């Protein structure tokens, strides 16, 4: 792969990781809604990605009177448990919840990702006061690694590129795909809107595609 292709690839991956992170970090905003205006019409080759955006398009086609309020309510219900008494009906977006027997936060997974962040000179996002194994933070860490890889590509630093790719491959396998399929399944079950069912679908599809990209393309280049 040529240097410019690598840079463009890393830039695209970084932007999409940041885009997904925002969807899990906060309730939907007008700016975030605008991002979907062209995406829902994109001819995605990946079947799961296409089906995810079709769900989102179907939500908008139904034309809710006040989508921002409706989606804020659905976000709070799914991820924060607003109005939900049963803990098992909440999709708390923390790795610890899905990797600890009692579905608790602040468990081993949080300590492990925090160690990885610190080893790579990354602090948690200021103003986002949640445990470090929150899905949004893990996605933002992948975006950061993409950004750093892009810089290494621009500098022609092959050892640094290899190092950063290895970190990404390990992180997506050990700290994203090890638990998010369970989360996405629950989001699809608990969501009251096609929008968040679609968000879960496109996120899962992207992570699986990105793992293939890292394992196949960069492995073959090595």
message: Just the residues that are surrounded by fewer than 21 Cβ atoms within 10 Å (Cβ to Cβ) and within 13 Å of residue 210 (Cα to Cα), please, taken from region 1-14.
response: 9, 12, 14
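One line per residue, one yes/no per condition, for (1) in contact with a helix residue (DSSP H, G or I) (Cβ under 7 Å, 6 or more places away or on another chain); (2) at positive phi; (3) part of a helix (DSSP H, G or I); (4) buried (at least 20 other Cβ atoms within 10 Å of the Cβ):
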| residue | (1), (2), (3), (4) |
| --- | --- |
| 151 | no, no, yes, no |
| 154 | yes, no, yes, no |
| 202 | yes, no, yes, yes |
| 206 | yes, no, yes, yes |
query: Restricting the search to region 126-143, which residues are surrounded by fewer than 18 Cβ atoms within 10 Å (Cβ to Cβ) and free of Cβ contacts under 8 Å to residues at least 40 places away in the same chain?
result: 126, 127, 129, 130
- prompt: Mind checking which pairs have a first residue in region 201-215 that is over 19 Å from residue 11 (Cβ atoms) and a second that is outside any helix (DSSP H, G or I), Cβ under 6 Å, 6 or more apart or different chains?
  reply: 205/46
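Mind telling me which of the residues 19, 79 ends up being free of Cβ contacts under 8 Å to residues at least 24 places away in the same chain, within 24 Å of residue 137 (Cβ to Cβ) and within 17 Å of the chain's Cα centre (by Cα)?
19
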Residue that is farther than 17 Å from residue 184 by Cβ, part of a helix (DSSP H, G or I), at pLDDT 90 or above and under 18 Å from the mean Cα position of the chain (by Cα), where the choices are 32, 49: 32
- request: Report, by residue number, each residue of region 171-183 that is closer than 13 Å to residue 92 by Cβ and either surrounded by 19 or more Cβ atoms within 10 Å (Cβ to Cβ) or touching a strand residue (DSSP E or B) at 6+ places or on another chain (Cβ under 7 Å) (or both).
  value: 179, 180, 183
query: So which residues in region 162-171 are in contact (Cβ under 8 Å) with a residue 24 or more places away in the chain and within 22 Å of the chain's Cα centre (by Cα), if there are any at all?
result: 165, 167, 168, 169, 171
query: Would it be correct to say that residue 147 is in contact with a helix residue (DSSP H, G or I) (Cβ under 6 Å, 6 or more places away or on another chain), on the phi < 0 side of the Ramachandran plot, surrounded by fewer than 19 Cβ atoms within 10 Å (Cβ to Cβ) and not in a loop (DSSP other than H, G, I, E, B)?
result: yes
- prompt: Looking at (1) at pLDDT below 95; (2) more than 18 Å from the chain's Cα centre (by Cα); (3) surrounded by 18 or more Cβ atoms within 10 Å (Cβ to Cβ), which is the one condition that is false for residue 191?
  reply: (2)
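The values are calculated or read from the model by the stated rules, or taken from the named source; none is laboratory data. Keep in mind that what you see is a predicted model, and the values were worked out from it rather than measured. With ideal geometry, Cβ positions are generated from the backbone for all residues, glycine too; neighbour counts draw on all protein chains shown.
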